[in-house]
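Please read the structure below before turning to the comments.
The values are calculated or read from the model by the stated rules, or taken from the named source; none is laboratory data. Note that the structure is a prediction, hence the values are computed from the model and not measured. When we count neighbours, we look across all protein chains shown, and the Cβ atoms used for this are built from the backbone with ideal geometry, even at glycine. Each accessible area value is taken on the protein alone, full model and side chains, heavy atoms only, with ligands, DNA and RNA left out. Shrake-Rupley method; radii C 1.70, N 1.55, O 1.52, S 1.80 Å.
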Amino acid sequence: MSKIFYTKTDEAPALATESFLPIVKAFTKTSGIQIETKDISLAGRISATFPELLKENQRVSDDLYELGQMAKMPEANIIKLPNISASIPQLKEAIAELQAKGYAVPNYPDEPSSDTEKKIRTKYDKIKGSAVNPVLREGNSDRRAPRAVKNYAKKNPHSMGAWSPDSKTHVATMTNGDFKANEKSVTLDADTEVQITLTTPKNTITLKGNTALQAGEVIDATVMSKKALLAFLAEQVSDAKDKDVLFSVHMKATMMKVSDPIIFGYVVATFLQPVFEKHREVFNDLGINPNNGLDNLYKKIDTLPAREKAQIMNDINTVLGDRPSLAMVNSDKGITNLHVPSDVIIDASMPAMIRNSGQMWNAEGKPQDTKAVIPDSSYAGVYATTIDFCKRHGAFDPTTMGTVPNVGLMAQKAEEYGSHDKTFEIQEDGIVRVEDITTGKTLLEHRVERGDIWRMCQVKDAPVQDWVKLAVSRAKATQHPTIFWLDANRAHDAEIIKKVHTYLPQHDTAGLDIRILSPVDATQLTLERMKAGKDTISVSGNVLRDYLTDLFPILEVGTSAKMLSIVPLMNGGGLFETGAGGSAPKHVEQFLEEGHLRWDSLGEFLALGVSLEFFGEKNNNPKAKILGDALDSATEKFLLNDKSPSRKVNERDTRGSHFYLALYWAEALARQNDDLDLKSVFSTVFAELQGKQEQISKELISAQGKPQDIGGYYKPDANLAAKAMRPSPTLNAILDAI
Ligand SMILES: NC(=O)C1=CN([C@@H]2O[C@H](COP(=O)(O)OP(=O)(O)OC[C@H]3O[C@@H](n4cnc5c(N)ncnc54)[C@H](OP(=O)(O)O)[C@@H]3O)[C@@H](O)[C@H]2O)C=CC1
Ligand SMILES: O=C(O)CCC(=O)C(=O)O
Ligand SMILES: [Mg+2]
């Protein structure tokens, strides 16, 4: 029997699931729909990796692997909530929590020496960073704000900070020696295998052995010069000081899990350079790695004897006093932009800054103009253009602005998603070559120096064809102008442009406005149209998919949590993602402190709606379709009546918002006449929920206002979490009776 797979993830969405899933299960069991949970949480993935070290009752199945297989089946129907893409500090915290709970999982070896340690490290490296999404995303991405969400935002605009033409905020990006400048690309004309080698004056080292490539596949390779990067960073630190703006770095240490933590480490090391120089030996002894951020550095220094610690802290504070102010992640707690590599991810952080008058928070908790350092220039121009636009035209107006849906190329580990096992920190000067093993020809090569970061990406032909098809189908469905964001001057994009020119004519595009523009030109045109209330589809590669599906939604509707995010899987199944944002660690913090969860599950509601409709079609189950339609009406009413969670304690939170969704869902099912069984069942449910509305609200609110203990962060106690998230016996009894 077909099922809907619902993912158990981490942090706020996992908490929300404890409250929402019982509602979903109760409603859908009336209609022969089975919902199965799959645990792809960080803690679950760690446990599944080391079964041999765990007790019988601790062992779990490898749900991510199973779901990855499922994603390739025509009947796949997966609802995917956001999960933690773990940085090393997060991974270590999760390991420590599991160990404290009696799980004998090994420590993360920072510097693996023995074979055993190397094996452990390889296993952990598969868990860290974007380890889930590339496995499940066996299709391209279709993300957009549903009409009801857009209309809601127009009527109830979110706050939007005013922009001043004198704002000192700006983007700083490299002009030479970066990934963009050094990119080379080629399209394969036949199936083959390649290897990646580094030839030094002494010998040739294989960086990666036989790698199969398909005919029509585009590969690109590039290198970030360490020298150029360090020179750039030193310049930016002093320029931020001169201009009296906050210093802030924006990158994606999670998704670009090999390259970006190294770049982040150079930022930390540059910022504190005199300290790293003076205390090199102690720092080495302590195993301090700047890639793990300031938080880790402070924790390690904390283990030193008091006098030594005081001396180093004194030196750090002297240097920090001399530097530009750092942008803060949490000024109350003194957490800076350089504390943890995963705290500031570019997709969410740049739009938040743009929404906030181009300002970030300083150590006093006040907003201040900022230098946003985005080292690689491949996509930095998108933000620079947006910032300049706001300086010139002022902030966007959510009540009138247009919308920018995205069609993103990501299937089969397209582009940077597939670079993780082909990114290398170069150990010796030499030449890196991508060699075709079949023909012996060198396909791509770069001269590199020790410390440079070299990487290769690939995109298979079938995903590109599917992406072009998806773009045309969205263009047809909406009649919006549709822009491929591709830069003819970038080697990789130039190859993709050739493919777009080949595949577009295979579709009926009569009457459609489809163009290809560089990301900077595309941004400018899209913003002009958006300001004038006009809609424009962006068709982009994988990284821009990530960036644009936070940037535009956050400006348009206040958060990307309200996006419809569909991945039509290439083999016929459906992956329905819930919103386009992340797992909101700050929400958990508030929940633990005061029992209020502000996570908005609108993304889950939208995803479930399309999943049910898809289930109905695939399985010839008209009840599923009716449930889906009713859910859509309920979601619309939910928006109209503004039942999203409040941000403040003792007001409706996630749990209260779920109650209203259930109420409206039951109402819509009670009102429809297409299925009289469902009508009868849900007429009773609706009457009960409506009659006891006050009692339920009271029970849900009175659970707030006190600290919560759910028995863990990465692996909460299942019973405690369920109890905390289902505090209304009245609601629970009504659901149980369905
Ligand atoms: N699809 C996926 O699996 C994704 C996973 N991630 C992962 O999520 C984690 C956190 O990333 P982070 O950079 O903090 O980005 P998030 O998107 O989790 O959070 C940024 C801010 O967006 C707001 N937000 C996001 N989702 C919601 C929601 N459903 N309801 C209300 N507000 C919301 C919150 O604002 P406020 O605090 O003001 O309420 C939040 O602090 C990381 O581990 C990251 O790798 C990130 C993106 C996608
Ligand atoms: O895969 C990840 O790490 C994050 C993905 C993400 O941010 C997105 O899909 O928008
Ligand atoms: Mg994103």
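Return yes or no: is Glu495 in contact (Cβ under 8 Å) with a residue 60 or more places away in the chain, in a strand (DSSP E or B) and among the acidic types (Asp, Glu)? No, not satisfied. In the stretch 714-737, of all residues being surrounded by fewer than 17 Cβ atoms within 10 Å (Cβ to Cβ) and part of a loop (DSSP other than H, G, I, E, B), the one that is nearest to the chain's Cα centre (by Cα) corresponds to Asp717.
Scanning the stretch 567-584 for residues that are open to solvent by 20 Å² or more (accessible area, probe 1.4 Å), away from ligand 3 (no atom under 15 Å from the Cβ) and touching a helix residue (DSSP H, G or I) at 6+ places or on another chain (Cβ under 6 Å) returns a single hit, Met570. Scoring Thr175 on the criteria (1) in a loop (DSSP other than H, G, I, E, B); (2) surrounded by 14 or more Cβ atoms within 10 Å (Cβ to Cβ); (3) among the β-branched types (Val, Ile, Thr) leaves a single failure, condition (2). For Lys534, the criteria (1) part of a helix (DSSP H, G or I); (2) basic (Lys, Arg); (3) away from ligand 2 (no atom under 16 Å from the Cβ) hold in every case but one, which is (1). Considering every residue within the stretch 208-229, establish whether at least one is open to solvent by 30 Å² or more (accessible area, probe 1.4 Å), free of Cβ contacts under 8 Å to residues at least 60 places away in the same chain and not in a strand (DSSP E or B). For the stretch 208-229, residues open to solvent by 30 Å² or more (accessible area, probe 1.4 Å), free of Cβ contacts under 8 Å to residues at least 60 places away in the same chain and not in a strand (DSSP E or B): absent. Contact map, the stretch 577-591: first residue more than 11 Å from ligand 2 (Cβ to nearest atom), second residue in a loop (DSSP other than H, G, I, E, B) and modelled with pLDDT under 95, Cβ cut-off under 9 Å, separation 6 or more or different chains; pairs are Pro585/Asp343.
Screening Phe232 against (1) buried (at least 20 other Cβ atoms within 10 Å of the Cβ); (2) within 16 Å of ligand 2 (Cβ to nearest atom); (3) not charged (D, E, K, R) leaves a single unmet condition, (2). Screening Ser238 with (1) within 16 Å of Cys457 (Cβ to Cβ); (2) surrounded by fewer than 23 Cβ atoms within 10 Å (Cβ to Cβ); (3) not charged (D, E, K, R) gives one miss only, at (1). Meeting the requirement of 2 or more residues that are at pLDDT 95 or above, over 25 Å from the mean Cα position of the chain (by Cα) and within 16 Å of ligand 1 (Cβ to nearest atom), no strands (runs of 3 or more DSSP E) wholly within the stretch 335-439 can be named.
Taking every residue in the stretch 166-180 that is farther than 22 Å from Lys226 by Cβ and pairing it with any residue that is of a type in the set (D, E, K, R) and open to solvent by less than 40 Å² (accessible area, probe 1.4 Å), at least 6 positions away or on another chain, the pairs with Cβ-Cβ distances below 6 Å are Ser167/Asp369; Lys168/Asp369; Thr169/Asp369. Examine the stretch 295-317 for a residue that is touching a residue at least 60 places away in the same chain (Cβ under 8 Å), open to solvent by less than 40 Å² (accessible area, probe 1.4 Å), away from ligand 3 (no atom under 16 Å from the Cβ) and not β-branched (Val, Ile, Thr), and state whether such a residue exists. Yes, because at least one residue in the stretch 295-317 is touching a residue at least 60 places away in the same chain (Cβ under 8 Å), open to solvent by less than 40 Å² (accessible area, probe 1.4 Å), away from ligand 3 (no atom under 16 Å from the Cβ) and not β-branched (Val, Ile, Thr).
Kindly indicate which of Asp508, Asp521 is more than 16 Å from ligand 3 (Cβ to nearest atom), surrounded by fewer than 24 Cβ atoms within 10 Å (Cβ to Cβ) and not in a helix (DSSP H, G or I).
Answer to the selection: Asp508.
Of all residues in the stretch 95-112 being of a type in the set (D, E, K, R) and within 27 Å of the chain's Cα centre (by Cα), which is surrounded by the fewest Cβ atoms within 10 Å (Cβ to Cβ)?
My answer is Asp110.
Residues that are of a type outside the set (Lys, Arg), in a strand (DSSP E or B), within 16 Å of ligand 2 (Cβ to nearest atom) and under 22 Å from Glu636 (Cβ atoms) do occur in the stretch 546-565. All of Lys252, Lys278, Lys257 fail the test of being of a type in the set (D, E, K, R) and open to solvent by 40 Å² or more (accessible area, probe 1.4 Å), apart from Lys278.
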